[in-house]
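The values are calculated or read from the model by the stated rules, or taken from the named source; none is laboratory data. What you are looking at is a predicted structure, and each value in this text was computed from that prediction instead of being measured. Cβ coordinates were reconstructed from backbone atoms using ideal geometry, including for glycine residues, and neighbour counts include every protein chain displayed. For the accessible areas, the whole protein counts, side chains as well, though only heavy atoms, and no ligand, DNA or RNA atoms are used. Shrake-Rupley method; radii C 1.70, N 1.55, O 1.52, S 1.80 Å.
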Amino acid sequence: MNKINENKLNSKNVIKNSIIIGISSLFLVGVLVYVNFFDNSVPNDNIQYGNQVGDNCVNQEIQLINNEEGHFEINHQTGKVTVINFWGTWCTPCIEELPEFDELYKQYSDKVYVIAIHQAGFKEEKVNDFIQNRWPEFTIHFGLDSQDDPYFNKMGGLDVWPITTIVDKEGIIAFTHQGKISGELLTQEVTSLF
């Protein structure tokens with residue numbers, strides 16, 4: 001009788017241990033699935049960030065100017081198509097094309113975020129004065145590039161202005177253009193991403 005009770009006790013322990021191991025295994029699998037597929041706070045080292053079409057757009061905090069507080073980051077723009085334009089007050093093609101960006105933004109502001117980032121090394125006050133004197137009615141966002149760590153360089157800029165980059169709703173670079181862009185091409189490239 002003792003042998004039978006001992007076997008029953010061993011069987012119960014084996015079953016109990018098997019259940020504990022099974023539940024623990026399911027829990028670990030669940031955690032791994034969550035972390036790898038659903039938790040966006042854990043960086044995925046396999047994501048390619050860069051400045052080429054098809055890359056996840058490089059992120060950087062850009063100070064907003066022209067009476068606008070805060071900053072711009074591409075990571076905060078998911079859900080909208082984002083147009084990034086690098087320009088300078090000294091650049092005639094830049095100045096000529098900026099009204100096209102404002103028209104685009106006025107027409108599609110519910111679907112598009114447009115920011116014109118001024119070249120680093122200029123005083124914010126001077127750039128703000130230029131914007132207010134030239135385009136007081138503009139609704140696009142303006143930023144000032146960092147002198148210490150220029151976003152222009154991270155986005156592939158060397159010595160050509162203007163440069164336009166269009167980023168899709170998921171943060172992937174869909175289009176880049178060096179030099180002055182026509183309003184027609186700008187609108188075509190942006191609206192193709194809606």
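For region 101-115, does any single residue satisfy the condition of being of a type in the set (Asp, Glu), at pLDDT 95 or above and either in contact with a Leu (Cβ under 6 Å, 6 or more places away or on another chain) or open to solvent by 80 Å² or more (accessible area, probe 1.4 Å) (or both)? Looking for residues that are of a type in the set (Asp, Glu), at pLDDT 95 or above and either in contact with a Leu (Cβ under 6 Å, 6 or more places away or on another chain) or open to solvent by 80 Å² or more (accessible area, probe 1.4 Å) (or both), one finds at least one in region 101-115, hence yes. Residues in region 71-81: is at least one open to solvent by 50 Å² or more (accessible area, probe 1.4 Å), at pLDDT 95 or above, closer than 24 Å to Ile166 by Cβ and outside any strand (DSSP E or B)? Taking every residue of region 71-81 in turn, at least one turns out to be open to solvent by 50 Å² or more (accessible area, probe 1.4 Å), at pLDDT 95 or above, closer than 24 Å to Ile166 by Cβ and outside any strand (DSSP E or B).
Return yes when Thr165 is of a type in the set (Ser, Thr, Tyr), under 20 Å from the mean Cα position of the chain (by Cα) and closer than 26 Å to Asn67 by Cβ and no when it is not. Spelling it out, Thr165 is indeed of a type in the set (Ser, Thr, Tyr), under 20 Å from the mean Cα position of the chain (by Cα) and closer than 26 Å to Asn67 by Cβ. Could we say that Glu125 is surrounded by fewer than 18 Cβ atoms within 10 Å (Cβ to Cβ) and under 16 Å from the mean Cα position of the chain (by Cα) here? No: the conditions fail for Glu125. In region 155-166, the qualifying residues are those that are buried (at least 17 other Cβ atoms within 10 Å of the Cβ) and either in contact with a Leu (Cβ under 9 Å, 6 or more places away or on another chain) or charged (D, E, K, R) (or both), and the one that is nearest to Gly79 (Cα to Cα) is Ile166. When region 82-100 is filtered for residues that are open to solvent by 50 Å² or more (accessible area, probe 1.4 Å) and closer than 17 Å to Asp145 by Cα, only Trp90 remains. In region 156-186, how many are hydrophobic (A, V, I, L, M, F, W, C) and more than 16 Å from Gln52 (Cβ to Cβ)? Within region 156-186, residues that are hydrophobic (A, V, I, L, M, F, W, C) and more than 16 Å from Gln52 (Cβ to Cβ) number 4.
Residues checked against (1) out of contact with any strand residue (DSSP E or B) (no Cβ under 9 Å at 6 or more places or on another chain); (2) in contact (Cβ under 8 Å) with a residue 60 or more places away in the chain; (3) small (Gly, Ala, Ser):
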| position | (1), (2), (3) |
| --- | --- |
| Phe152 | no, yes, no |
| Val160 | no, no, no |
| Glu184 | yes, no, no |
| Thr191 | no, yes, no |
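Taken together, the criteria place Gly88 among residues that are at pLDDT 95 or above, over 29 Å from Ile47 (Cβ atoms) and touching a helix residue (DSSP H, G or I) at 6+ places or on another chain (Cβ under 8 Å).
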